[in-house]
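To start, the structure itself, in structure tokens.
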Amino acid sequence: MFIDAEETWIQDPVDALTILMMDTFNKTRCVVYNTLQHYRHDRLDFLKASYEAALERNFILGAKLVRGAYMEKERKRAADMGYPSPIQPDKESSDRDYNDGVKFCIDHIERVALVVASHNEYSNLYAAELMLEKGLPLDHPHIHWSQLYGMSDNITFNLAHAGASVSKYLPFGPIKDVIPYLMRRAQENTSVGGQTGRELGLISKELQRRKSQA
Ligand SMILES: Cc1cc2nc3c(=O)[nH]c(=O)nc-3n(C[C@H](O)[C@H](O)[C@H](O)COP(=O)(O)OP(=O)(O)OC[C@H]3O[C@@H](n4cnc5c(N)ncnc54)[C@H](O)[C@@H]3O)c2cc1C
């Protein structure tokens with residue numbers, strides 16, 4: 001069960017409840033996963049603190065690592081209300097903490113069940129390379145990759161082809177609830193520059209391949 005993360009101002013009770021649930025349900029295998037948004041500058045430390053709690057209480061830490069989807073909203077609220085922004089100063093800092101988080105989880109894979117929830121090519125590859133370097137299989141029960149349905153099939157399909165445990169994440173619900181989600185994806189896709197263009201090129205290539213086989 002993946003518990004999503006949303007705005008910082010509602011996250012503390014979500015974290016507390018999720019950790020309590022992990023302490024109950026994750027004793028012998030990982031059932032409950034928390035989500036950690038690494039565009040927050042405090043989440044790498046929180047990941048490490050959650051790991052310490054897992055050691056102390058003897059449960060498996062479920063950690064779904066994302067970069068985070070509410071950056072503009074977070075920054076605006078912090079500016080409007082006059083408190084320091086919880087968001088990293090730049091993309092490089094989010095990328096660094098995300099990849100360090102992936103490494104931390106893989107370095108402690110006996111106690112941490114990691115979900116690499118990302119469309120970032122480097123982060124996905126980095127996780128796979130770390131696993132292989134350690135001689136661990138890509139379908140290890142404590143690692144899973146996931147991309148949003150309709151996005152980055154090139155990453156999902158290649159991971160599946162390499163034998164990794166990977167899925168598409170499919171949000172569903174009434175149109176009025178789903179539209180803001182789709183708008184966030186549209187905004188993100190315009191900001192990812194080169195990667196989205198490359199993905200479109202790959203989709204056209206795949207369409208041509210399928211047509212030529214029909
Ligand atoms: C399976 C799955 C589940 C998800 N669940 C959640 C969830 O529960 N909660 C949630 O918030 N999001 C969730 N997301 C969305 C995720 O947080 C990202 O918004 C999205 O995946 C884009 O990030 P990326 O890792 O794919 O990498 P990229 O496309 O390389 O990075 C884009 C991200 O980098 C960060 N970034 C961009 N510019 C800056 C900047 N100037 N300063 C600081 N950081 C910057 C932002 O987080 C931005 O979304 C999920 C994504 C997936 C694939």
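Annotations for the structure displayed:
- Of Asp15, Asp4, all but one fail to be among the charged types (D, E, K, R) and within 22 Å of Leu55 (Cβ to Cβ); the exception is Asp15.
- Scanning segment 87-124 for residues that are assigned to a loop (DSSP other than H, G, I, E, B) and open to solvent by 20 Å² or more (accessible area, probe 1.4 Å), we see that the one that is farthest from the ligand (Cβ to nearest atom) is Glu110.
- Residue count, segment 51-86 (criterion: open to solvent by less than 10 Å² (accessible area, probe 1.4 Å), in a helix (DSSP H, G or I) and away from the ligand (no atom under 14 Å from the Cβ)): 1
- Selected residue (only one of Phe2, Phe46 is closer than 18 Å to Ile60 by Cα and outside the structural domain of Phe59 (by TED's automatic domain parsing)): Phe2
- Within segment 63-86, residues that are without any contact (Cβ under 8 Å) to a residue 40 or more places away in the chain sit with their Cβ atoms under 7 Å from residues that are hydroxyl-bearing (Ser, Thr, Tyr) and surrounded by 11 or more Cβ atoms within 10 Å (Cβ to Cβ), at 6+ positions apart or across chains, in these pairs: Met71/Tyr39; Arg75/Ser85; Ala78/Ser85.
- The set of residues in segment 1-30 that are in a helix (DSSP H, G or I) and among the small types (Gly, Ala, Ser) contains only Ala16.
- For segment 27-50, a tally of residues being in contact with a helix residue (DSSP H, G or I) (Cβ under 9 Å, 6 or more places away or on another chain), polar (S, T, N, Q) and surrounded by fewer than 22 Cβ atoms within 10 Å (Cβ to Cβ) returns 1.
- Some residue of segment 15-29 being farther than 14 Å from Val115 by Cβ, within 10 Å of the ligand (Cβ to nearest atom) and touching a residue at least 12 places away in the same chain (Cβ under 8 Å): no
- Looking only at segment 31-50, and only at residues there that are in contact with a Phe, Trp or Tyr (Cβ under 9 Å, 6 or more places away or on another chain), of a type outside the set (A, V, I, L, M, F, W, C) and part of a loop (DSSP other than H, G, I, E, B), the one that is nearest to the ligand (Cβ to nearest atom): Tyr39
- Checklist (1) at pLDDT below 95; (2) over 30 Å from Asn58 (Cα atoms) applied to Ala162, failing item: (1)
The values are calculated or read from the model by the stated rules, or taken from the named source; none is laboratory data. Remember, predicted model here, so these are calculated numbers, not experimental data. For neighbour counting, all protein chains shown are included, and Cβ atoms are generated from backbone atoms with ideal geometry for every residue, glycine included. What goes into the accessible areas is simple: the full protein's heavy atoms, side chains included, and nothing from ligands, DNA or RNA. Shrake-Rupley method; radii C 1.70, N 1.55, O 1.52, S 1.80 Å.
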